[in-house]
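Colleague: Just dropping this structure here.
The values are calculated or read from the model by the stated rules, or taken from the named source; none is laboratory data. All of these numbers come straight from a predicted model, not from anything done at the bench. So basically every Cβ, Gly included, is an ideal-geometry build from the backbone, and we count neighbours across all protein chains shown.
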Amino acid sequence: MPADLTPAELTLLGLLVEKPRHGYELDEVITARGMREWTEIGFSSIYYLLGKLRNRGLVEEVDAQANRRATARKVYAATADGRRACAEASERAIAEPRPVFPPLLVGLANQPAIPPERLRAALAQRAAALEERHSEVRRAADAQPHAPGFVRAIFEHSLAQLAAEQSWLAAYRASLTDTPGDT
């Protein structure tokens with residue numbers, strides 16, 4: 001069995017388990033589903049990752065599609081080993097909570113170094129950014145009303161996380177105004 005897949009590898013492999021795709025189509029799906037918000041897959045890394053998955057026997061080239069310039073685009077599909085690896089890694093990703101390392105917590109741990117007025121400004125900036133992000137994810141979700149249930153679940157999870165952070169942030173900001181000496 002192949003070693004653990006990185007989140008980026010697992011994401012691409014999962015998209016290829018759904019159906020065979022070429023790199024540009026993978027990029028389009030990643031963009032449409034808002035996946036760049038929770039994966040670290042840039043357009044330039046797609047073919048690199050496909051090569052790594054191919055070298056591990058998890059995907060294979062299955063076809064070539066001609067584009068307008070009459071050059072072929074390689075189409076990749078998951079192999080049987082790739083499907084098994086995707087299922088096993090996805091099951092672990094769902095079942096096993098893993099620590100995350102948000103920079104916010106590092107900033108909060110160093111909060112005593114921040115002058116109170118700058119802390120309030122930074123928190124206000126974060127609140128505005130969270131509101132904008134929430135709106136962006138909501139628009140992306142609403143743009144795909146017929147998306148499969150698993151895609152809707154990703155959007156719903158992202159929206160719930162954003163809402164939870166917005167709620168925490170509002171309460172924290174209020175606590176700072178209630179106890180001025182606690183910054």
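Colleague: Residues in the stretch 111-118: is at least one assigned by TED's automatic domain parsing to the domain that holds Glu156, among the aliphatic types (A, V, I, L, M) and part of a helix (DSSP H, G or I)?
Modeller: Going through the stretch 111-118, the residues assigned by TED's automatic domain parsing to the domain that holds Glu156 turn out to be 111-118.
From what is left, the residues that are among the aliphatic types (A, V, I, L, M) are 113-114.
Filter once more, so that each one left must be part of a helix (DSSP H, G or I): 113.
Yes; the residues of the stretch 111-118 include at least one that is assigned by TED's automatic domain parsing to the domain that holds Glu156, among the aliphatic types (A, V, I, L, M) and part of a helix (DSSP H, G or I).
Colleague: Would you pick out the residues in the stretch 13-23 that are modelled with pLDDT of 95 or more, assigned to a helix (DSSP H, G or I) and not β-branched (Val, Ile, Thr)?
Modeller: Scanning the stretch 13-23 gives Leu13, Gly14, Leu15, Leu16, Glu18.
Colleague: Quick check: anything in the stretch 6-13 closer than 22 Å to Ala147 by Cα and either aromatic (Phe, Trp, Tyr) or touching a strand residue (DSSP E or B) at 6+ places or on another chain (Cβ under 7 Å) (or both)?
Modeller: For the stretch 6-13, residues closer than 22 Å to Ala147 by Cα and either aromatic (Phe, Trp, Tyr) or touching a strand residue (DSSP E or B) at 6+ places or on another chain (Cβ under 7 Å) (or both): present.
Colleague: Related question: Please work out which one of (1) over 19 Å from Arg92 (Cβ atoms); (2) among the hydrophobic types (A, V, I, L, M, F, W, C); (3) touching a strand residue (DSSP E or B) at 6+ places or on another chain (Cβ under 7 Å) is the condition Ile46 fails and give its number.
Modeller: (3)
Colleague: Against the definition (of a type in the set (S, T, N, Q), in a helix (DSSP H, G or I) and not assigned by TED's automatic domain parsing to the domain that holds Arg36), how does Gln144 come out, yes or no?
Modeller: Against the criterion (of a type in the set (S, T, N, Q), in a helix (DSSP H, G or I) and not assigned by TED's automatic domain parsing to the domain that holds Arg36), Gln144 does not qualify.
Colleague: Out of Leu50, Leu26, Leu123, Leu104, which single residue is part of a helix (DSSP H, G or I), surrounded by 10 or more Cβ atoms within 10 Å (Cβ to Cβ) and out of contact with any Lys or Arg (no Cβ under 9 Å at 6 or more places or on another chain)?
Modeller: Sole residue among the options that is part of a helix (DSSP H, G or I), surrounded by 10 or more Cβ atoms within 10 Å (Cβ to Cβ) and out of contact with any Lys or Arg (no Cβ under 9 Å at 6 or more places or on another chain): Leu26.
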